[in-house]
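**Student:** Dropping a structure here in structure tokens format, bear with me for questions.
The values are calculated or read from the model by the stated rules, or taken from the named source; none is laboratory data. These numbers come from a predicted model, not from an experiment. Quick reminder, even Gly has a Cβ in these numbers, built from the backbone with ideal geometry, and neighbours come from all protein chains shown.
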Amino acid sequence: MIPPEFGFLSNLQRLELYNNQFNSSIPSELGRCTSLTFLHFGNNSLTGLLPPSLSNLNQLVTLAMHDNFLSGEISSNLIANWTNLNTLFLYGNNLSGSIPPEVGNLNFLTRLDFSKNKLTGSIPSTVGNLTRLRVFHLFKNNLTDIIPPEIGNMTSLEKFDFSTNQLHGALPDTISRLENLNYIAVFTNKLSGELPADLGANILLINIGFQDNSFSGVLPPKLCGGLSLQRFTAYGNNFTGPLPDCLRNCTELQRVRLEGNHFSGDISKAFGVHPSLDYIDLDENEFSGELSPEWGECKNLTYLHIAQNRISGEIPVELGSLALLHDLSLSSNELKGRIPTELGNLSPMMYKLNLSGNHLTGKMPPAIGNLSGLQILDLSRNGLSGSITAEIGKCVGLLQLSLSSNNLSGIIPFELGNLVQLQSLLDLSNNSISGAIPQGLNKLTKLQKLNVSHNKLSGGISSTFSSMLSLQSADFSYNDLSGPVPTFRQADMEVIVENSGLCGDAQGLASCNSNPPGGKKSNKIRIAVITSIVAVVLLVIIVIGILVISRKTRQPDEEMKLILEHGGTESMIWEKDGMFTFSDIVKATDDFSEKYCIGRGGFGSVYKAELSTGHTVAVKRLNMSGSSSSDIPELNLRSFQNEIRTLTE
């Protein structure tokens, strides 16, 4: 608690109680200390209102009440008498209401900071009277309306920060008059329109913050004309056109963030050699051209992002000399050629490498395994070929690995099982990877998402995958996998689609109950089906053969049947000197060919047959053409039989 007895010190000129743990209100008795010139209560836990009695302190030069829990409004009456103030710090409290217009009467102010409160309303135009003000901070409030054009009258202003409010409208042209201005921060508002065309022409700007607004148009050509620019952030707007030419010569650049705009032009002409540059993000723009080898001379770079542009050509090998680089993303461009082996020379502290969505070809360089600190590696959506380098197993800190949608072949190296820190993703899908899924992948107990779909994998899915408790999604579809499917604890598992050899309890799979692991039942079914098909084919061939033979012997067979039905072969077919078979006759007459016919009668034709025994006989054949045995009149049949007996007795 601040003792109210301080009020008895009428000659007190300086009271400093900052950086303590006072948690009371400010005693009103301090209003009696009319000789005070310096009052500093910052960095405590003071609560309550600013006492109205403080308006009596008309000799104050410095008033600092920042970083407390003070509330209420800033009263017009309170500050009306503080005409000698040089510094007014009320930031980091819970003050509300609007900024009193009377603040414009504090003509000697050089530093004014009301930031990080709950102030509302507009910025009063009277601030234009503060011609000695050098620092003006109003960030992190709820201020609305426009930035008053009177700000152009604050000729001593060096730094103003109105960021993180609800300001709208355009940046006033009058700002270009502020020749001492070096710091502009208006980010995270609702500002729009184009920037003043001559902004920067007469100013040595060091820090520019335009991000998270709706600015449009091209950047002023002399924005960095003083070549002193160090920090330039304008992401999340609608800027278009090329970057100012002067930016290339700003050798003091440290941080550049222009992502999420529509900037265009040749990337190789926009930037040069920037020895102090440590962070640059140009993602989601329309830059074209090729990457310059000069990027390799920006030795302090730790973060380089130029993703989602139209960059072409090859990746400069000079990037491999950026020993401090931690994050490199060139994804979603039109880069071609190989991945430089030199990237393996990057810092072991490199934690992210994203080259996805390009036209890169060739093999994965084994040197990637030198990046032992990698946490995110994304080479997906390229044209990489060959096998997955086993050296990747040395990147033991990987949390995410994506090699999907390439032309990779060969097997999954068992060294991937060493990546025990893999957590968010392991994606090898849409390649031509073959062989079995390595057993060692079950060591990836932290893995949440696994995708090996659309490959040529064979063999089974290890039952140990079901014990990976962190696994939320697994996709084994479109492979040649077989055997039982493990029972996964999670529902989002795509294992069945286009893997006809799998079995298990899941819907659409054959049961594995009668089979040991390995899918033998599936093999038996395949063998049975193949055997059945072969048997059917053989049967068809046999039937066709029988039909062909039957057609040739049909008439002799019918005659034989007729003879058997009417007395048998012994009484019908013989010769005085010996017996012979009907087949002997068929053979001797070449199946009763016309060339052996020697006569024709009423009931049939007579054939000459020279038997294999040396005998020559005459054979009369009953005419059955066009008839079945049942169609032959009984009288004709008896007449034919009597004729045969007469000839053979």
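**Student:** Please indicate, with yes or no, whether at least one residue in the stretch 213-227 is within 22 Å of L353 (Cβ to Cβ), assigned to a strand (DSSP E or B) and modelled with pLDDT of 95 or more.
**Tutor:** no
**Student:** Here is a further query. What number goes with the only condition from (1) out of contact with any strand residue (DSSP E or B) (no Cβ under 8 Å at 6 or more places or on another chain); (2) assigned to a loop (DSSP other than H, G, I, E, B); (3) surrounded by fewer than 18 Cβ atoms within 10 Å (Cβ to Cβ); (4) not aliphatic (A, V, I, L, M) that R310 does not pass?
**Tutor:** Against the list (1) out of contact with any strand residue (DSSP E or B) (no Cβ under 8 Å at 6 or more places or on another chain); (2) assigned to a loop (DSSP other than H, G, I, E, B); (3) surrounded by fewer than 18 Cβ atoms within 10 Å (Cβ to Cβ); (4) not aliphatic (A, V, I, L, M), R310 comes up short only on (1).
**Student:** When the stretch 381-427 is examined, which residues are found to be more than 13 Å from the chain's Cα centre (by Cα), under 23 Å from Y478 (Cβ atoms) and of a type in the set (S, T, N, Q)?
**Tutor:** S385, S387, N406, N407, S409
**Student:** So, one more: Listed residues S264, S276, S268; which is surrounded by fewer than 22 Cβ atoms within 10 Å (Cβ to Cβ) and in a strand (DSSP E or B)? I'd like the intermediate steps shown before the answer.
**Tutor:** On the way: S276 fails: in a strand (DSSP E or B); S268 fails: in a strand (DSSP E or B).
Result of the check over S264, S276, S268: S264.
**Student:** Can you pull out every residue in the stretch 127-156 that is surrounded by 17 or more Cβ atoms within 10 Å (Cβ to Cβ), more than 16 Å from L90 (Cβ to Cβ) and among the polar types (S, T, N, Q)?
**Tutor:** N129, N153
**Student:** Counting only residues that are hydrophobic (A, V, I, L, M, F, W, C), over 17 Å from L425 (Cβ atoms) and assigned to a loop (DSSP other than H, G, I, E, B), which one in the stretch 352-380 is nearest to the chain's Cα centre (by Cα)?
**Tutor:** Only one residue tops the list, namely M364.
**Student:** Does any residue of the stretch 173-186 turn out to be part of a loop (DSSP other than H, G, I, E, B), among the small types (G, A, S) and at pLDDT 95 or above?
**Tutor:** Taking every residue of the stretch 173-186 in turn, none turns out to be part of a loop (DSSP other than H, G, I, E, B), among the small types (G, A, S) and at pLDDT 95 or above.
**Student:** Restricting to the stretch 204-225, name every residue that is touching a Lys or Arg at 6+ places or on another chain (Cβ under 9 Å), more than 13 Å from V256 (Cβ to Cβ) and not polar (S, T, N, Q).
**Tutor:** Hit for the stretch 204-225 is I206, nothing else.
**Student:** Restricted to the stretch 187-212, and to residues that are assigned to a loop (DSSP other than H, G, I, E, B) and among the polar types (S, T, N, Q), which residue is farthest from I123 (Cα to Cα)? Break it down into steps so the answer makes sense when it comes.
**Tutor:** We begin by selecting, within the stretch 187-212, every residue assigned to a loop (DSSP other than H, G, I, E, B); these are 187-189, 194-206, 210-212.
Subsequent filtering for residues that are among the polar types (S, T, N, Q) retains 188-189, 202, 211.
Details: T188: 16, N189: 14, N202: 25, Q211: 21 Å.
Across the stretch 187-212, the extreme among qualifying residues is N202.
**Student:** Under the condition of being modelled with pLDDT of 95 or more and aromatic (F, W, Y), which residue from the stretch 19-54 is farthest from I74 (Cα to Cα)?
**Tutor:** F38
**Student:** Considering only the stretch 112-126, how many residues are buried (at least 19 other Cβ atoms within 10 Å of the Cβ) and out of contact with any Gly (no Cβ under 8 Å at 6 or more places or on another chain)?
**Tutor:** Adding up the residues that qualify gives 4.
**Student:** Quick check on my filter: what residues within the stretch 284-307 are closer than 22 Å to R338 by Cα and in a loop (DSSP other than H, G, I, E, B)?
**Tutor:** Residues satisfying the conditions are G289, L291, S292, I306, A307.
**Student:** Of all residues being part of a loop (DSSP other than H, G, I, E, B) and touching a helix residue (DSSP H, G or I) at 6+ places or on another chain (Cβ under 7 Å) in the stretch 108-130, which is farthest from L181 (Cα to Cα)? Just the residue, please.
**Tutor:** P124
**Student:** Among G320, G383, which is the only one that is in contact with a strand residue (DSSP E or B) (Cβ under 7 Å, 6 or more places away or on another chain) and either within 20 Å of E294 (Cα to Cα) or assigned to a loop (DSSP other than H, G, I, E, B) (or both)?
**Tutor:** None of the others qualify; the one that does is G383.
**Student:** Only residues that are polar (S, T, N, Q) and closer than 22 Å to G296 by Cα: list them for the stretch 347-387, please. So that I can check it myself, show each step before the final result.
**Tutor:** Of the residues in the stretch 347-387, the ones polar (S, T, N, Q) are 347, 354, 356, 358, 361, 370, 372, 375, 380, 382, 385, 387.
Passing the criteria: S347, N354, S356, N358, N370, S372.
**Student:** Tell me whether the stretch 88-107 contains one or more residues that are in a loop (DSSP other than H, G, I, E, B) and aromatic (F, W, Y).
**Tutor:** Within the stretch 88-107 (the criterion being in a loop (DSSP other than H, G, I, E, B) and aromatic (F, W, Y)), the answer is yes, since at least one residue qualifies.
**Student:** Now, a different point. Just the residues that are crowded, with 16+ Cβ neighbours inside 10 Å and either under 60 Å from the mean Cα position of the chain (by Cα) or in a helix (DSSP H, G or I) (or both), please, taken from the stretch 1-14.
**Tutor:** I2, F6, G7
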